[in-house]
Structures are given as structure tokens and as C-alpha cells.
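I have placed the structure first, in the form of C-alpha cells, so that the comments after it can refer back to it.
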Amino acid sequence: MEIRLFADRLEIWNPGRLPGTLTFDDLHKDHPSVPNNPLVAESLYLTRYIEKAGSGTQKIIELCSEAGLPEPKFEQRSGSFIITLWRDWLTEEVLAGVELNDRQQLAIKYVKSHGLITNAEYQKITGAIRKTAVRDLNVLIEKGLIERKGTMKSSRYVLKKRK
């Protein structure tokens, strides 16, 4: 096994292939456990490092979702099965280097936990009037932190992807 850490992601490389009976789609739902090394799998189960065979990928997907992170990427490359876990690029360190007012900081936290924010939601959580909300949201767009989806009244703002 090889673990590669990058600024925006963590890649876990495991030599071998996904067992022939499983597909990448299967990893998102209940599926049978088909360990490449049954003795290692049994040892991990008996020592309680794993709870239920065949549930690990679903747990990883669930934990990423709960953390507001993109869904992990599963792939087969160079004779290895690889899982990529994306890091939230908008860390506290990154945000500390960006000049934001209190309303904008609150909005970023809101988007990180809810996935998006509308102008009306911005006004509600910050107490800003519409004009101020528009100005603040435009500043967040200019700083490359969020992007606008939709137009006019259907506008919503999501974190800008950084890959």
C-alpha cells in the first residue's frame, strides 16, 4: 500500500485490481466483501479494525459527505486500485490569509455546512440588507471563494472548486 499526500487530496494506492465481481458503482451501495487477502481481512475483523466486511467504501463516502467534502474517487490505474479523498481547500489557514468581514466569514461557514447560500439566506443569517448582501457576495466571488449558479432570483452561491 502507498499513501500519497498532496495539497488538495490524499491518494491511497493498493496494488491489485478491484475484484472481478465488483464494479465501481457497487462501492456506493451494499456489496459483498471480496478480499484479495482473506487472511488479512479475517485478522482485521477479529481485532475489530473493521466492523462489517463490504461496508468500508460506503462509510468513507458517508464521512466525506458529512464533512462537506467531495465524494471520493475510485479508480483503477497502473495495476493499482486507488481511492482519492479531496481535502477542503478552504481551510482556516487559507481563510486567515483572505480579508473578509464578519458577514462574509459567516457566509463561508454556512456554505461549507449547507452546500450553498442564496441572497435571501445571506440576508437572514447576517442581518444585511439586500444591497449589502449583493456587494458582499460579489466580493467573495472576486476573491475566488465562491461562484454564482443561476441568474437573477434563482442565483445561488457555492464554494468554488479548487482541483
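The values are calculated or read from the model by the stated rules, or taken from the named source; none is laboratory data. All values reported here derive from a predicted model rather than from experimental measurement. No Cβ is skipped: glycine too gets one built from the backbone with ideal geometry, and neighbour counts run over all protein chains shown.
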message: Of the conditions (1) at pLDDT below 95; (2) charged (D, E, K, R); (3) surrounded by 12 or more Cβ atoms within 10 Å (Cβ to Cβ), Lys163 satisfies every one except a single condition; which number is it?
response: (3)
message: Just checking, does segment 118-125 include any residue being of a type in the set (Asp, Glu), touching a His at 6+ places or on another chain (Cβ under 9 Å) and not in a loop (DSSP other than H, G, I, E, B)?
response: yes
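Can you confirm whether segment 46-61 contains a residue that is outside the structural domain of Leu145 (by TED's automatic domain parsing) and within 29 Å of Gly150 (Cα to Cα)? First the steps, then the outcome.
Residues of segment 46-61 that are outside the structural domain of Leu145 (by TED's automatic domain parsing), as a first pass: 46-61.
Narrowing further to those that are within 29 Å of Gly150 (Cα to Cα): 61.
Yes, that holds for at least one residue.
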query: List, please: which pairs have Cβ atoms under 7 Å, are six or more places apart or on different chains, and start with a residue in segment 142-160 that is in the same structural domain as Ile108 (by TED's automatic domain parsing) and exposed (fewer than 10 other Cβ atoms within 10 Å of the Cβ) and end with one that is at pLDDT 95 or above and among the small types (Gly, Ala, Ser)?
result: none
task: Enumerate the pairs (first residue in segment 18-45 and in contact (Cβ under 8 Å) with a residue 40 or more places away in the chain; second residue anywhere and of a type in the set (Ser, Thr, Tyr) and surrounded by 15 or more Cβ atoms within 10 Å (Cβ to Cβ)) with beta-carbon separation below 7 Å, excluding pairs fewer than 6 apart on the same chain, so at least 6 apart or on different chains.
output: Leu27/Thr57
From the options Leu95, Leu63, Leu140, residue that is at pLDDT 85 or above and over 16 Å from the mean Cα position of the chain (by Cα): Leu140
